[in-house]
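These notes are about the structure you will find just below.
Read-outs: derived from the displayed coordinates by stated rules, not from any lab. Quick caveat, the model's predicted, so the values are computed rather than measured. Here the Cβ positions follow ideal geometry from the backbone for every residue, glycine too, while neighbour counts run over all protein chains shown.
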Amino acid sequence: MTRQRLIVLGALGLAAIALAVWLTPDLGRPRVLSGYVEGEALYMAAPVSGTLGALSVRRGDRVEAGAALFALDPAQPAAELAQASASAAAAAAQLSDAQKGQRPAELAVLDAHVAAAETRAQEAQASLRRIAALAEQGVYAPARLDDARATAEAAEAQAAAARRQREAAALGGRQDQVRAAGFRVSEAQAQVTAAAARLGDLAPRAPAAARVEEVFYQPGEWVPANQPVLALLPDHRVNLRFFVPQAEVAAYRPGRSVAFACDGCPPGLSATITYVSPRPEFTPPVIYSRDARDRLVFMVEARPSVQLNPGQPVDVTPLAPVAGARP
């Protein structure tokens, strides 16, 4: 065999070995599950239209829970809140007035009416006594006595009516009127609460610690109602998403911990499984590789112990299979 033929055969042998290694990439390294980092953004918006008056953050900033994000021009909602507050104050004053009854000056007028009516009743009684004495002596006819008695009774009735009117005026409004005034106060207070909520919606705050992923409007621009002004990426909404072969999915349950690695990350990272898809799927193209093609897999999500960037590829160390599970 010539030397040239030996060289050709050696080259073919090396090519065969390289092809075998390429077709079996698991040789020489431990098996891993492919995945990536997925982030679910929150889009912060206001329920009303307005000019963007202030923007407190920039793209890429980190914010803590409760941090101010942006604020629309509050002129119109502030005016609505002031109007609702004034209406609530007026309703409360009406309720108080209905509960107190008439004012002291009005009661004094009624007291004067009572005194005048009682005076007239006393005069009528005195006149009745004089006429009765003269009627017994025959000076006045019996008809004159009857008239005097009727006048005295009418004067006493008028005095009693004046006293009852004075007592009613001191009691305040009727129970139904007071209850209706109370309902108007409750309605006005609800309008104040709604107006205050609308005013607060103009300046939303971060619901959790997050990163500002994108800013869509700048100060001075008109923002339509319910249109996102910026997008937040909360820390608790950044998860690993990897895919487990259907024969091994029984080992993956929410609450279990998995180890993973990523380019440029420190060693020893872990994540807690939060979700296992109930439906299988074929390996998605985003992690398509020769050793994973046409595999029926289940998608698993896990919350990492460190902050990662969405889209970053990760390699997850498989969990040991469940004892007694059928391969």
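Worth a mention:
- For Glu187 and Arg149, a Förster radius of 51 Å and the Cβ-Cβ distance give a FRET efficiency of 0.35, rounded to the nearest 0.05.
- At R0 = 51 Å, FRET efficiency that the Cβ-Cβ distance of Ala259 and Ala197 yields, to 0.05: 0.65
- Annotation: amide H-H contacts under 5 Å for Gln227 (H modelled 1.01 Å from N, sequence separation of 5 or more, or interchain): Ala46.
- A Förster distance of 51 Å, applied to the separation of the beta-carbon atoms of Asp61 and Ala180, puts the FRET efficiency at 0.45.
- Relative to one another, the C-alpha centroids of region 177-201 and region 235-261 are positioned 50 Å apart.
- Environment charge of Arg163, counting only residues whose C-beta is closer than 14 Å and scoring Lys/Arg +1, Asp/Glu -1: -1
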